[in-house]
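**Q** Below are the structure tokens for one structure; questions will follow.
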Amino acid sequence: MDSLHLMYSFLFVILILFKDVSSLTISVSQTMDKAILGDNPFTLSCTYTLGSLEQFFSIELQRKRESDTDFTTIVTFLNPSSPLNVTYAESSLESRTVATKPTEESKTATFVFNTIECDDKATYKWKAFYFDGTNKNVEKTSTFTVKVNTLFGQEEHRSLSYVPSTNLEEGDDVVFTCSGDVGNEPVGHLGWFYYLGNDTSNAINASSKATSTAPVYVSSTCSYTRTSTLQLKMVKEFNDILVRCTVQQDKYDQHGDGHVQTENIPVYYSPKITAIEDRTVAEGTELLTLTCKADAYPAPFYSWLLPNGTVTDGPGLTLTSLQMGDNGTYTCVVYNTFKSNNHTVNETAYIDIRKTTTPPPTTTTTPSTGSTGGGAETTKKPAPATGGDDNKSTIYIVVGVVLGLLVIIGVVVIILCVKKRNKPKEIEEPPEKPRKPDLVSADHGMKNNMGSALNSSFNNSFDSSSDVKSRNEDGLFDVQFDDKPRSRRPIQLLDNMSGSGSYGDIVNPRV
């Protein structure tokens, strides 16, 4: 008996000496910092490490909400050797949680929320009880918040309105009001965007022009609501505007975490007419078209007032076979009606018809420019000065005359060149050789001058010459010709020296 008492005493001394060397420790964990409201499982766990001389009893999970003054036990996990599993101190948790006690292998207690409620947001404390010669405990805490996603996507949790809501016109100040659930953890904000021309891909951020109220907590949803207002002054570009209100809890863009938007909003505005150019045209111009354009909502009506007082409807005016009497100011009148009021503007164009010697153009048109016309009052344009156009006409006439002279000179030169080319060339012939003396004619002359006294001697001398040609049967001398070129005169011989008688036969030589 003494020996048994001695052994227990020895063990107790050893336990006292080594109790601080090996003691129970715990570590705690949770799924994330935030649990999400609803059917979104969330787990808390605690793992212990037991010393060799220690005995584990149990683990308690305690909770302290913001409204609580102290921690309250909600569930107790017994040791692995106990036939019991866990004991709930708060029975309302049993239907939506699962508690599992530690085992010899895992030494981990788990507490799983299958459904998260608003009140689950709290600080949780794990407290482990053990024995190391005396009863002791060790504890650690963990905290998580409950994130509440915005309910703005549901119609019952949002609203959007604007005032005035009908018959909006250019210049009206319209106030848009948006309210709705913005969630919790984090508390969201309301953002504004608007779209022009039904183009929802091109958002214009107007959040900086809005004002918002402080968030208001709603216990039934564990969430907050906000109200925001946006004021816009209507302009003609806002016709068919679409305004969108978004909640921005996690996403900060034109879609947000939910949004609501208006239908397309019509905005009335009076006509904005474009200017029409003055025109100067030649008399006899077959066709001249004037076009009047205006931007307005509702769609405008058009009419033209002519210088002679005639009125014609439509945006286009066609003038034909223009004469001097068509000179004058042509006025386009545009109007539309909304909210029982008539809104009228006009624009004028001066048409100057000029006489001209050149053929008139067949067709001219006057396209409209991009400048903006005036208001409702009519302001006629003064008739344009004509000095500059007279100078232009004079220049055109001088240039035409010079060009005509140049054309005539060119034609004459061409004709002369053609005639010179077609004229036959003269044949150059060698100069005429000097002719030999006409002996017969000389002899005839001598006979007439010297008389009959010398006649006999002359004949004797002539006849006795060895060069005298013999007579033909008809009593004539043979006629001698010079058949060189250009020798066209035949030598005339007398039948006898008395100067009378027939001439010899003369045949012109062939050249």
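**Q** Can you confirm whether Thr150 is at pLDDT 95 or above, open to solvent by 70 Å² or more (accessible area, probe 1.4 Å) and either of a type in the set (Val, Ile, Thr) or in contact with a Pro (Cβ under 7 Å, 6 or more places away or on another chain) (or both)? Full working, then the answer.
**A** On the way: at pLDDT 95 or above: yes; open to solvent by 70 Å² or more (accessible area, probe 1.4 Å): no; either of a type in the set (Val, Ile, Thr) or in contact with a Pro (Cβ under 7 Å, 6 or more places away or on another chain) (or both): yes.
So Thr150 fails the test.
**Q** For the subset of region 307-340 comprising residues that are assigned to a loop (DSSP other than H, G, I, E, B) and open to solvent by less than 30 Å² (accessible area, probe 1.4 Å), which member is nearest to Pro164 (Cα to Cα)? Don't jump to the end; show me each part of the working.
**A** First pass over region 307-340, keeping only residues assigned to a loop (DSSP other than H, G, I, E, B): 307-310, 314-315, 321-323, 327, 339-340.
Then keep just the ones that are open to solvent by less than 30 Å² (accessible area, probe 1.4 Å); that gives 314, 322.
Numbers: Gly314: 35, Leu322: 53 Å.
Per the criteria, the residue is Gly314.
**Q** Here's something else I'd like to know. Would a scan of region 345-357 turn up a residue that is at pLDDT below 90 and either open to solvent by less than 80 Å² (accessible area, probe 1.4 Å) or under 20 Å from Lys293 (Cβ atoms) (or both)?
**A** The initial filter retains those residues of region 345-357 that are at pLDDT below 90, namely 355-357.
Then keep just the ones that are either open to solvent by less than 80 Å² (accessible area, probe 1.4 Å) or under 20 Å from Lys293 (Cβ atoms) (or both); that gives 356.
For region 345-357, residues at pLDDT below 90 and either open to solvent by less than 80 Å² (accessible area, probe 1.4 Å) or under 20 Å from Lys293 (Cβ atoms) (or both): present.
**Q** Does Asp132 count as touching a strand residue (DSSP E or B) at 6+ places or on another chain (Cβ under 8 Å) and open to solvent by less than 60 Å² (accessible area, probe 1.4 Å)? Reasoning before the result, please.
**A** Values: touching a strand residue (DSSP E or B) at 6+ places or on another chain (Cβ under 8 Å): yes; open to solvent by less than 60 Å² (accessible area, probe 1.4 Å): yes.
Spelling it out, Asp132 is indeed touching a strand residue (DSSP E or B) at 6+ places or on another chain (Cβ under 8 Å) and open to solvent by less than 60 Å² (accessible area, probe 1.4 Å).
**Q** Hey, Glu156 hits all of (1) open to solvent by 60 Å² or more (accessible area, probe 1.4 Å); (2) of a type in the set (Asp, Glu); (3) in contact (Cβ under 8 Å) with a residue 40 or more places away in the chain but one; which does it fall short on?
**A** (3)
**Q** Considering region 79-113 alone, what residues qualify as being at pLDDT below 90 and open to solvent by less than 70 Å² (accessible area, probe 1.4 Å)?
**A** Within region 79-113, Ser82 is the sole residue that qualifies.
**Q** Can you tell me which residues in region 41-78 are crowded, with 16+ Cβ neighbours inside 10 Å, of a type outside the set (A, V, I, L, M, F, W, C) and in a loop (DSSP other than H, G, I, E, B)?
**A** Gly51, Glu54
**Q** Tell me whether region 216-230 contains one or more residues that are more than 15 Å from Val148 (Cβ to Cβ), part of a strand (DSSP E or B) and among the basic types (Lys, Arg). Working first, answer last.
**A** Within region 216-230, the first condition is being more than 15 Å from Val148 (Cβ to Cβ), and the residues that meet it are 227-230.
Retained after the next criterion (residues that are part of a strand (DSSP E or B)): 227-230.
In the following step, the residues that additionally are among the basic types (Lys, Arg) were identified as none.
Within region 216-230 (the criterion being more than 15 Å from Val148 (Cβ to Cβ), part of a strand (DSSP E or B) and among the basic types (Lys, Arg)), the answer is no, since none of the residues qualifies.
**Q** A further question follows. Go through region 283-298 and report how many residues are open to solvent by less than 20 Å² (accessible area, probe 1.4 Å) and either out of contact with any Cys (no Cβ under 8 Å at 6 or more places or on another chain) or small (Gly, Ala, Ser) (or both). Can you show your working first?
**A** Pass one, region 283-298, residues open to solvent by less than 20 Å² (accessible area, probe 1.4 Å): 285, 288, 290, 292, 296.
Applying the additional criterion that residues be either out of contact with any Cys (no Cβ under 8 Å at 6 or more places or on another chain) or small (Gly, Ala, Ser) (or both) yields 285, 288, 296.
Residues flagged as open to solvent by less than 20 Å² (accessible area, probe 1.4 Å) and either out of contact with any Cys (no Cβ under 8 Å at 6 or more places or on another chain) or small (Gly, Ala, Ser) (or both) within region 283-298 amount to 3.
**Q** If we scan region 264-280, do we find a residue that is open to solvent by 20 Å² or more (accessible area, probe 1.4 Å), under 30 Å from Pro215 (Cα atoms) and free of Cβ contacts under 8 Å to residues at least 24 places away in the same chain?
**A** The answer is no, given that none of the residues of region 264-280 is open to solvent by 20 Å² or more (accessible area, probe 1.4 Å), under 30 Å from Pro215 (Cα atoms) and free of Cβ contacts under 8 Å to residues at least 24 places away in the same chain.
**Q** List pairs: first residue in region 81-109 and in contact (Cβ under 8 Å) with a residue 24 or more places away in the chain, second residue open to solvent by 70 Å² or more (accessible area, probe 1.4 Å) and outside any strand (DSSP E or B) anywhere in the structure, Cβ distance under 6 angstrom, at least six positions apart or on different chains.
**A** Lys101/Asn85
**Q** So, one more: Starting from region 27-38, keep only residues that are in contact (Cβ under 8 Å) with a residue 12 or more places away in the chain, then list their pairs with residues that are open to solvent by 70 Å² or more (accessible area, probe 1.4 Å) and part of a strand (DSSP E or B) whose Cβ atoms are within a distance under 7 Å, requiring at least 6 positions of separation or different chains.
**A** Val28/Lys140
**Q** If you scan region 217-235, which residues turn out to be closer than 22 Å to Tyr162 by Cα and open to solvent by 60 Å² or more (accessible area, probe 1.4 Å)? Working first, answer last.
**A** Step one: of region 217-235, the residues closer than 22 Å to Tyr162 by Cα are 225-235.
Within region 217-235, Gln231, Lys233 qualify.
**Q** Let me ask something else about it. Which residue pairs have Cβ atoms under 9 Å apart, sit 6 or more places apart or on different chains, and have a first residue in region 329-357 that is among the basic types (Lys, Arg) and a second that is in a strand (DSSP E or B)?
**A** Lys339/Glu169; Lys339/Tyr268; Arg354/Thr280; Arg354/Val281; Arg354/Ala282; Lys355/Ala282
**Q** If you check every pair at least six apart or on different chains, which have Cβ atoms under 6 Å apart with a residue in region 130-151 that is among the acidic types (Asp, Glu) first and a residue that is outside any loop (DSSP other than H, G, I, E, B) and at pLDDT 95 or above second?
**A** Glu139/Lys125; Glu139/Lys127
**Q** Could you check region 244-263 and list, in sequence order, the residues that are of a type in the set (S, T, N, Q) and open to solvent by 20 Å² or more (accessible area, probe 1.4 Å)?
**A** Gln248, Gln254, Gln261 - these are the residues of region 244-263 that are of a type in the set (S, T, N, Q) and open to solvent by 20 Å² or more (accessible area, probe 1.4 Å).
The values are calculated or read from the model by the stated rules, or taken from the named source; none is laboratory data. Source: prediction; values computed, not measured. As a convention, Cβ positions derive from the backbone with ideal geometry for all residues, glycine included, and neighbour counts pool all protein chains shown. Areas reflect the complete protein model, heavy atoms only, side chains present, ligands, DNA and RNA absent. Shrake-Rupley method; radii C 1.70, N 1.55, O 1.52, S 1.80 Å.
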